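What follows is one structure encoded as structure tokens, with my remarks underneath.
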Amino acid sequence: MAHLAGKSGYVDTGIAVTGINSWTLDYTSDTLETTDFADAGVKTYIIGCSGWSGSFGGYKDGAPQTLAGAAVTLKLYESATAYWSSAASGAFITGVHSSVSQDGVVSVSYDFQGTGTLSHTEA
């Protein structure tokens with residue numbers, strides 16, 4: 001499989017958010033302990049529910065969107081043809097963070113919590 005350059009990535013929230021230059025996605029599953037006496041002291045598990053969350057951010061370019069509390073349809077692009085996508089209104093923006101330093105560029109980041117399914121497309 002070919003490696004992908006990060007420069008091809010981007011974020012689509014369905015709402016104009018500019019200046020974004022990075023994103024992270026955490027897609028996890030719960031493990032539920034099922035150990036009983038018959039397991040002779042060795043823990044056993046089954047998979048429970050899965051969920052996803054993450055963040056995206058970049059340089060402030062105009063007024064930051066006041067997305068906190070918004071339900072968005074989220075697409076996180078790895079390249080022009082490979083991306084993760086939520087169902088319609090399947091991600092909640094849970095936080096907006098601005099960062100300023102005297103010797104740096106003003107930046108803004110957004111946290112999200114997914115609800116429902118997350119799919120990956122690679123064409």
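Any chance region 16-30 includes a residue that's of a type in the set (D, E, K, R) and under 14 Å from the mean Cα position of the chain (by Cα)? Talk me through it step by step, then tell me what you get.
Applying the first criterion (of a type in the set (D, E, K, R)) to region 16-30 yields 26, 30.
When the remaining residues are screened for being under 14 Å from the mean Cα position of the chain (by Cα), the result is 26.
Yes, the conditions are met somewhere in region 16-30.
Report yes if some residue within region 56-64 is part of a strand (DSSP E or B), touching a residue at least 60 places away in the same chain (Cβ under 8 Å) and of a type in the set (Phe, Trp, Tyr); otherwise report no. Lay out the reasoning, then the answer.
Taking region 56-64 first, the residues part of a strand (DSSP E or B) are 56-59.
Still in the list and also touching a residue at least 60 places away in the same chain (Cβ under 8 Å): none.
Checked region 56-64: no residue is part of a strand (DSSP E or B), touching a residue at least 60 places away in the same chain (Cβ under 8 Å) and of a type in the set (Phe, Trp, Tyr).
For every residue, the table says whether it meets (1) assigned to a loop (DSSP other than H, G, I, E, B); (2) in contact with a helix residue (DSSP H, G or I) (Cβ under 8 Å, 6 or more places away or on another chain); (3) closer than 23 Å to LYS7 by Cα; (4) open to solvent by 90 Å² or more (accessible area, probe 1.4 Å).
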residue: TYR27; (1), (2), (3), (4): no, no, yes, yes
residue: GLY41; (1), (2), (3), (4): yes, no, no, no
residue: ILE47; (1), (2), (3), (4): no, no, no, yes
residue: GLY51; (1), (2), (3), (4): no, no, no, no
residue: LEU67; (1), (2), (3), (4): yes, no, no, no
residue: ALA80; (1), (2), (3), (4): yes, yes, yes, no
residue: ILE93; (1), (2), (3), (4): no, no, no, no
residue: VAL108; (1), (2), (3), (4): no, no, yes, no
residue: ASP111; (1), (2), (3), (4): no, no, yes, no
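Please verify whether GLY116 is part of a loop (DSSP other than H, G, I, E, B), out of contact with any Leu (no Cβ under 7 Å at 6 or more places or on another chain) and surrounded by fewer than 17 Cβ atoms within 10 Å (Cβ to Cβ), treating the condition exactly as stated.
yes
Inside region 69-78, can you point out the residues that are crowded, with 17+ Cβ neighbours inside 10 Å and either part of a strand (DSSP E or B) or of a type in the set (A, V, I, L, M, F, W, C) (or both)? Lay out the reasoning, then the answer.
To start, the set of residues in region 69-78 that are crowded, with 17+ Cβ neighbours inside 10 Å comprises 70, 72, 74, 76-78.
Scanning region 69-78 gives ALA70, VAL72, LEU74, LEU76, TYR77.
What residue, among those in region 1-25 that are polar (S, T, N, Q) and touching a residue at least 40 places away in the same chain (Cβ under 8 Å), is surrounded by the most Cβ atoms within 10 Å (Cβ to Cβ)?
THR13
The values are calculated or read from the model by the stated rules, or taken from the named source; none is laboratory data. Keep in mind that what you see is a predicted model, and the values were worked out from it rather than measured. Backbone-built Cβ (ideal geometry, glycine too); neighbour counts: all protein chains shown. Quick note on the areas: whole protein, heavy atoms, side chains included, nothing else; ligands and nucleic acids left out. Shrake-Rupley method; radii C 1.70, N 1.55, O 1.52, S 1.80 Å.
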